[in-house]
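Colleague: Quick one: this structure, given as structure tokens, is what I'll be asking you about.
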Amino acid sequence: MSQLKVYQYPKCGTCRSAVKWLKEAGHELELQHIAEQPPTVSELRGLLANSGLELKKFFNTSGEVYKNLGLKDKLPDLNEEQQLALLSGNGMLIKRPIVTDGKQVTVGFKEEQYAAAWSRD
């Protein structure tokens with residue numbers, strides 16, 4: 001039985017769908033509330049490295065906090081450390097859910113993506 005760490009926001013419908021999918025696929029989950037306990041800069045650095053994604057893909061660009069801070073215009077001028085500090089400082093800025101087994105990482109929830117990454121054969 002594989003254990004996955006899920007950074008999620010319990011009130012988020014996308015997160016609930018992802019958790020349901022993962023449980024139905026037979027995974028044990030360690031759930032971490034992304035707003036109450038956002039990942040540290042160090043955790044984010046590891047997630048970023050294992051994801052193969054650009055850092056901007058970790059930002060919840062449709063969220064209120066992102067819009068209120070005007071990050072659409074500010075983000076391109078921030079270096080990686082500043083962006084990681086922003087994310088670790090406010091979990092609501094992070095696109096969710098983030099799922100990892102310590103080796104691979106998915107950000108967001110698309111059933112096809114989960115089937116490819118997290119299906120148990």
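The values are calculated or read from the model by the stated rules, or taken from the named source; none is laboratory data. Everything numeric here is computed off the predicted structure, so don't read it as measured data. For neighbour counting, all protein chains shown are included, and Cβ atoms are generated from backbone atoms with ideal geometry for every residue, glycine included.
Colleague: Is it the case that Thr61 is loosely packed, with under 15 Cβ neighbours inside 10 Å, among the polar types (S, T, N, Q), under 14 Å from the mean Cα position of the chain (by Cα) and not in a helix (DSSP H, G or I)?
Modeller: Answer is yes for this residue.
Colleague: Quick one: Lys5 ticks every box in (1) touching a residue at least 60 places away in the same chain (Cβ under 8 Å); (2) in a helix (DSSP H, G or I) except a single one, so which number is it?
Modeller: Lys5 satisfies all of (1) touching a residue at least 60 places away in the same chain (Cβ under 8 Å); (2) in a helix (DSSP H, G or I) except (2).
Colleague: Here's a follow-up. Do any helices (runs of 4 or more DSSP H) lying entirely in the stretch 68-121 carry at least 2 residues that are in contact (Cβ under 8 Å) with a residue 12 or more places away in the chain, and which ones are they?
Modeller: 80-89, 111-118
Colleague: Taking the conditions exactly as written (at pLDDT 95 or above, surrounded by 16 or more Cβ atoms within 10 Å (Cβ to Cβ) and in contact with a His (Cβ under 7 Å, 6 or more places away or on another chain)), does Leu84 satisfy them or not?
Modeller: On the way: at pLDDT 95 or above: yes; surrounded by 16 or more Cβ atoms within 10 Å (Cβ to Cβ): yes; in contact with a His (Cβ under 7 Å, 6 or more places away or on another chain): no.
No; evaluated as a whole, the condition is false for this residue.
Colleague: Filter the stretch 8-21 for residues that are touching a helix residue (DSSP H, G or I) at 6+ places or on another chain (Cβ under 6 Å) and not in a strand (DSSP E or B); which is nearest to Phe109 (Cα to Cα)?
Modeller: Only one residue tops the list, namely Trp21.
Colleague: Here's a follow-up. Filter the stretch 22-51 for residues that are among the hydrophobic types (A, V, I, L, M, F, W, C) and in a helix (DSSP H, G or I); which is surrounded by the fewest Cβ atoms within 10 Å (Cβ to Cβ)?
Modeller: Ala49
Colleague: Which residue is modelled with the lowest pLDDT, if the candidates are limited to the stretch 1-19 and must be under 18 Å from Ala116 (Cβ atoms) and not β-branched (Val, Ile, Thr)?
Modeller: Among them, the one singled out is Ser2.
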